Amino acid sequence: MPESAPAVPLDAPAAALDIVDDPLEFGRFTRWVSDAAGERRAESALQLAGMHCAACAGLIENALARVDGVCAVQVSAASERASVTWDPGRTRPSALIAAVRRAGYDAVPDAAAPAREMRRREQRQAVWRLFVAGFCSMQVMMMAWPSYVAAPGELSDEMRRLLNWGSWMLTLPVMAFSATPFFAGAWRSLRNVLAGRGRLFDARAIGMDVPVALGLLIAFIASTGASFDPGGPFGHEVYFDSLTMFVSFLLGARWIEMRTRARAAESLERAMARLPETAWRVGADGEVTAVSTLRLHVGDLVRVPLGQAFPADGRLHEGATEADESLLTGESTPVAKAVGSPVVAGSLNVGAPVLVRVERIGGDTRLERIVSMMKSALAQRPAAARLADRWAPPFLWTVLLLAAGGAAAWSLIDPSRAIWVAVSVLIVTCPCALSLAAPSTLVAAARGMARQGVLLQRLDAIEVLARARHVVFDKTGTLTEDRPTLAGVRVRAAARGWDEAALRAQAAALAAWSQHPLSRAIVAAVAPAPSPAPAWREVQEHPGAGVEAVDTQGRRWRLGSAAWAGGEAGDDAVLLACDGTVLAAFDFEETLRAGAAEAVAQLQAQGVQVTLLSGDRASRAQALATRLGIARVHAQATPEDKLTVLKALQAEDGPVVMVGDGINDAPVLARADASLAMGQGALVARAQADAVVTSSRLADLVLARGRALRAVSLVRQNMLLSAAYNATCIPLALVGWLPPWAAGLGMAASSVVVILNAQRAAR
């Protein structure tokens, strides 16, 4: 059984899923692609539930690959997403979802509403499992305490038996309810192997749930036998306290991982809510009607009011405005739009009401293509696999062979001790410490990073951050602030009778009538004005051009772009003109983020290569790279270009860390081996990043990498401690010198040592 109940029962008829086969519905989570032969294929994104390790991803991949018509499958256990390419002539989305549910997991379309409902059910179930395990483990510990502290002969046999029965009763709900995810995962792994769809020593076929479930089952059976028949073959020692505590530890770690994934998904959904659900379509007779954006067609004419997002990609048909494209580009400066200018879905109309002719809708829009790339990248397997999953299969079979060998040997030496030797081996080798070695350390490191202003959304990123030797930075909003500053004023020869201070004051007085970022930069640089502002009249702001007004002497002033104010086209400066004569040019520069130069220098000193990857013009990108000492620059890069550059760097240098802030960075943030988003960046970028730098201080990135290096070192220490514990105790158990009670104590003690050592990562 999966960990959470699906929205539709696993044995529900196929008709219950038919709604997702509606083209209007599956268009929300499906895009159309072409294969190598040019055939039209559908690529659907699914949100999964009930996954915990690489073996789960392997089971789901096998289930989907067996569906007739499926061409390719990619499943990520880290993000709980699947990307499935299928032939629309041979299958449908409902068949994909049904196949996943038959495998014992849950799947819904990767769209906001169904994914949110599935996460809610999964989290509610996980909370209840953790609560039951934690509550019962505390009660069991209270009942076990007298056995630990009582002097020999102080605790009567009747009282000991009563306490054992009470512990057994409290352990039953833990085994029957809280621990069912481990048993379910183990059964799915074994079923997959028995069906011939996996190999015994393949981590994607046998996960850590198998040895965990085996240890829990053996300890429970042995303890049950000792409780009800103290004089029988299992003796009188019980291990209910160790068992329930172990379940609580593992469920707590899984809950933390589930919450981080949920927060990332919720951030993505909030960001996508910026795309309007309703569009105002203009008919041939001029009548305006409200329609769903899903029902727009290419060629439609839509009215976009001031303050609303554009519902589709198109071109401006009537009017002039400015568009805030920061959701797509990360650039805060509005972009001027005139008749014929392209507009993109999701960008915000901040200038004036306009009419737009639709050119691309749905999955063909730039926004949806970026989101599709992002989901596809998330569905790919992470570069850093969990160490416990890699070692689980050989560890499991080694333990089984040792236990069986010990039992066989003692059956010849002393048959009465054969069972307990096998039980001792299984208990002492129960992978408590192994299972907790990495998660406990990474959680502690994540807590320490949070205090430094770096919030992790994927614990695996810590290992990658420590190993990576290449860091890629976005420019605007990452290495620089997202607001311009006035760099200087160039007074023209025609400005006779005007000095620089007077021209600055005049420009600031005119700029005060505008909320454009460049206007605000002029006002901020000049204020307080050296003289009273003139009494302007006939003030007009022209979207995409500038501000125009008449002063008390009847002179007409303009402050704005070069082409509009009377300068040379292509000049980036803002010009101030009076009666058509340009008097001054105002130059702007991006403000370097505090600590950016130091952060780049420290990374390079550590042997890390740094690359600047920007969608801005080559001249600006190169100038900034020179200021920071960055040798490798890729400018004027689209989201697709950025993804191509990232893949090339990964092939060249191995793991790559990406730092960005805009939605155009989201695909590379998702595809990078580890990624960080600046705290003030676009919601979509923050949602897809492995970590968010909430402080927006790049120095915290360097500190986070140092903490990651420490955490990786501590993980290795914990693994060595676990190995040393097993290397010491297994021989003792095999020769009969380690009774089961001591094995249970050693199992609990090794877990405590590992957890305490892991806490050093938070300091």
Taking Lys337 as the anchor, which aspartates and glutamates have their alpha carbon closer than 13 Å to its alpha carbon, excluding any fewer than eight residues away along the same chain?
Glu318, Glu322, Asp324, Glu325
Give or take rounding to whole Å, what are the principal axis extents of the alpha carbon atoms in the stretch 483-592, in descending order?
41, 31, 28
Rank these for me by crowding, Glu652, Glu318, Glu541, going from fewest to most other beta carbons within 10 Å.
Glu652, Glu318, Glu541
Cα point-scatterer Debye curve for the stretch 565-654, base-10 log of I(q)/I(0) at q = 0.22 Å⁻¹:
-1.13
Label-point separation in nm, Asp414 to Val298, each point 7 Å along Cα→Cβ:
8.4
Per-residue Cβ neighbour rank within 10 angstrom, fewest leading, His470, His297
His297, His470
Could you give me the ³J(HN,Hα) list for the stretch 507-521, computed from phi with Karplus coefficients 6.51, -1.76, 1.60 and θ = phi - 60°, whole Hz, x at Gly and Pro?
5, 5, 5, 6, 5, 5, 7, 10, 9, 4, x, 5, 5, 5, 5
With 10 angstrom as the radius, rank Trp145, Trp498, Trp410 by how many other C-beta atoms surround their C-beta, starting from the fewest.
Trp145, Trp498, Trp410
At a Förster radius of 41 Å, what calculated FRET efficiency corresponds to the Cβ-Cβ distance of Arg627 and Glu39, to the nearest 0.05?
0.25
Calculate how large, on average over all directions, the projected area of the Cα convex hull of the stretch 124-169 is; give the answer in nm² to one decimal.
3.3
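Coordinate-derived values only; no laboratory data. Since this is a predicted model, take the numbers as computed values, not measurements. Please note: Cβ atoms are built from the backbone with ideal geometry, for glycine as well, and neighbour counts cover all protein chains shown.
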